[in-house]
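Take a look at the structure set out below.
Nothing in this text is a laboratory measurement; each read-out follows from the coordinates by a stated rule. In this text the structure is predicted, and so the values were computed from the model without any measurement. Here the Cβ is made from the backbone with ideal geometry for all residues, glycine too, and neighbour counts use every protein chain on show.
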Amino acid sequence: MIDWKKWRHVTKLDPDKPITPKAVAEIVDSGTDAIMVSGTQNITKENVARLAEMLKDYSIPKVLEPSGTDGLRDDMDLLFVPSVLNTDVAFWFMGAHKIWVQHFDIDWDRVVPEAYIVLNPRSAVAIVTKAKTEITPREAAAYAECADRFFHFPVVYVEYSGTFGEPSLVKSVKERLHDARLFYGGGINSREKAEEMAQHADTIVVGNAVYESGGIEKLKETIVR
Ligand SMILES: CC(C)=CCC/C(C)=C/CC/C(C)=C/CC/C(C)=C/COP(=O)(O)OP(=O)(O)O
Ligand SMILES: O=P(O)(O)OC[C@@H](O)CO
Ligand SMILES: [Mg+2]
């Protein structure tokens, strides 16, 4: 049984970005708690398969985080399925999910629903989902409380993909959660930033930094306990 609630650090790999087997080996060995395969743009059956193939012989926990039904596969340990809270487009909260459940056989024991609060207006995920990114920390905390206490999402995910977010907003969200675990992702590329967000979030997620020059060293710096 994988106890994902104990994870403090997750590395997010994007099937749309090139990566070498050597880099994958170093990431797996870095001390990160899990690998999440995820992205918004250009996610295909082929590029997800390529990354899954590179990961398959490693025992580190592997998660697929789908942005739709393309590329769905069942050889990963868990499926973290997003649902966006701060959009008025219901498709991104529930619609895609209805289509998925209608057309696929689902192993619910391996599904972890995630309630996303998307806050970087320039990120692909914000543009695609028409997220209302101009919200106050109090509004973000109210979304989070609804996700936790009303919908019983096990994960609330504060997503600043591509930019470092507002620590005080993350703190406000954390203070309003009762059961849900808080994931934070966005712009973490140094020990200082990792420590700042890891004070408030239960789990921090590092994505883009891995693909920058010296990425593996940067990734290692972000692993704080
Ligand atoms: C029901 C199923 C199978 C899927 C749900 C699909 C939903 C609701 C997706 C909503 C939001 C979304 C597209 C999430 C994908 C994960 C994510 C936040 C990836 C980060 O994306 P970016 O970093 O913005 O994009 P790129 O890395 O592709 O530029
Ligand atoms: O790529 P970065 O900015 O590290 O963000 C991580 C993750 O939250 C993206 O979904
Ligand atoms: Mg990304």
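Structure values in brief
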{"read-out": "Calculated FRET value between R138 and K5, using beta carbons and R₀ = 25 Å, to 0.05", "value": "0.40"}
{"read-out": "Linear extension gain, S190 paired with H152, 0.36 nm per residue minus alpha-carbon span", "value": "10.4 nm"}
{"read-out": "For the stretch 202-218, Karplus couplings with θ = phi - 60° (6.51, -1.76, 1.60), whole Hz, Gly/Pro x", "value": "6, 9, 9, 10, 10, x, 3, 4, 4, 8, 7, 5, x, x, 5, 5, 4"}
{"read-out": "Extension gain, K98 back to D70 (0.36 nm per residue minus Cα-Cα distance, nm)", "value": "8.6 nm"}
{"read-out": "Global form of the stretch 33-96, assessed from the alpha-carbon gyration tensor, a/c cut-off 1.5", "value": "prolate"}
{"read-out": "Peptides ranked, highest mean first, by Cβ atoms within 10 Å: ranges 65-76, 92-103, 139-150", "value": "139-150, 65-76, 92-103"}
{"read-out": "Under 5 Å, built H, 5+ apart or other chain: amide partners of F93", "value": "V84"}
{"read-out": "Net dipole in debye of the stretch 4-221 [+1 Lys, Arg Cβ; -1 Asp, Glu Cβ; about Cα centre; nearest 20]", "value": "240 debye"}
{"read-out": "Within-11-Å neighbourhood charge of V112 [Cβ basis; K, R +1; D, E -1]", "value": "-1"}
{"read-out": "Axial C-alpha extent at least 20 Å, average Kyte-Doolittle at least 1.6 - helices from the chain (DSSP)", "value": "none"}
{"read-out": "Anisotropy class of the stretch 4-221 from Cα gyration tensor, a/c 1.5 cut", "value": "oblate"}
{"read-out": "The stretch 88-156 versus the stretch 167-218: alpha-carbon centroid distance in Å", "value": "18 Å"}
